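None of the figures in this text is laboratory data; all of them are computed from the coordinates on show. Values in this document were obtained by computation on a predicted structure and should not be read as measured data. Using ideal geometry, Cβ is built from the backbone for each residue, glycine included, and neighbour counts are taken over all protein chains shown.
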Amino acid sequence: MTATSSNACGSRLPGGTEIRGFLTRPIGTPTPGPAILYAHAHGARYDIGASELIDGRPALLNAPGSTLAREGYVTLCIDMPTFGERANVTESAATKTALWHGQTLFGQMLGEQAAALTWLAARDDVDPARIGMTGISMGATLTYFLAAIDPRIKAVAHLCCYADFSAD
């Protein structure tokens, strides 16, 4: 498999909100195959978001989407709140709004990743029993948190995770 296909896709959250995502996939796979849910990094680059999958970012050697597609994976990355096309509100404002409603921004991100996972698992070209998740930095943290609470994630690979959690 040397050719890949990528496209922007709109996915709706349970509340009906549509969010932007990018999907890369191998071309010409006859049966459902493995998939990866990719959680983009933070890096104070609010303009990047989901496009990290197809365009990369300065901290990466290349964009991961085409590499993963060449290796046979269908890969999905969505814009997290305050990133990409959703960068119309600051992270501080989104955090405060969530708190006023008894929620957290990180919890919202986890919920949206779970919704993206549901969308990905329902695709005809994806084997729902073979879905992994990966991310870098903020995406890495989302990766292992979602894998801890959602058994649909069968494998995890994360990079450069914030790991200074209190032992108390």
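Placing +1 on each Lys and Arg Cβ and -1 on each Asp and Glu Cβ, with no other charges, gives the chain a dipole about its Cα centre of roughly 200 debye. Across region 54-70, computed HN-Hα scalar couplings (Karplus, 6.51 cos²θ - 1.76 cosθ + 1.60, θ = phi - 60°) run 9, 10, x, 7, x, 6, 10, 5, 7, 6, x, x, 5, 5, 5, 5, 4 Hz from first to last residue, x flagging Gly and Pro.
Which of the peptides 129-139, 59-69, 86-96 is most tightly packed, and how do the rest follow, judged by the mean count of other Cβ atoms within 10 Å per residue?
Result, highest mean Cβ count within 10 Å first: 129-139, 59-69, 86-96.
Against the chain, whose longest principal axis comes from its Cα atoms, helix 138-149 is set at around 80 degrees. Highest mean packing first, where packing is the average number of other Cβ atoms within 10 Å per residue, the peptides 79-85, 152-158, 112-118, 27-33 line up as 79-85, 112-118, 152-158, 27-33. Relative to the longest principal axis of the Cα atoms of the chain, the long axis of helix 91-100 lies at roughly 70 degrees. Principal-axis analysis of the Cα atoms of the chain puts helix 105-121 at an angle of about 20° to the longest axis. For Val156, nonlocal amide neighbours, meaning residues 5 or more places apart or on other chains whose placed amide H falls under 5 Å from its own, are Met133.
In this structure, the amide hydrogen of Ile36, modeled 1.01 Å from its nitrogen in the peptide plane, lies closer than 5 angstrom to those of Val74, Thr75, Leu76, Gly132, counting only residues at least 5 positions away or on a different chain.
Couplings for region 127-133, taken from phi via the Karplus curve 6.51 cos²θ - 1.76 cosθ + 1.60 with θ = phi - 60°, read 8, x, 8, 10, 10, x, 9 Hz in order; Gly and Pro are left as x. In the chain, helical runs assigned H by DSSP with n ≥ 4 each contribute -39500 (n - 2.57); averaged across all residues and rounded to the nearest 500, the mean residue ellipticity at 222 nm is -8500 deg cm²/dmol.
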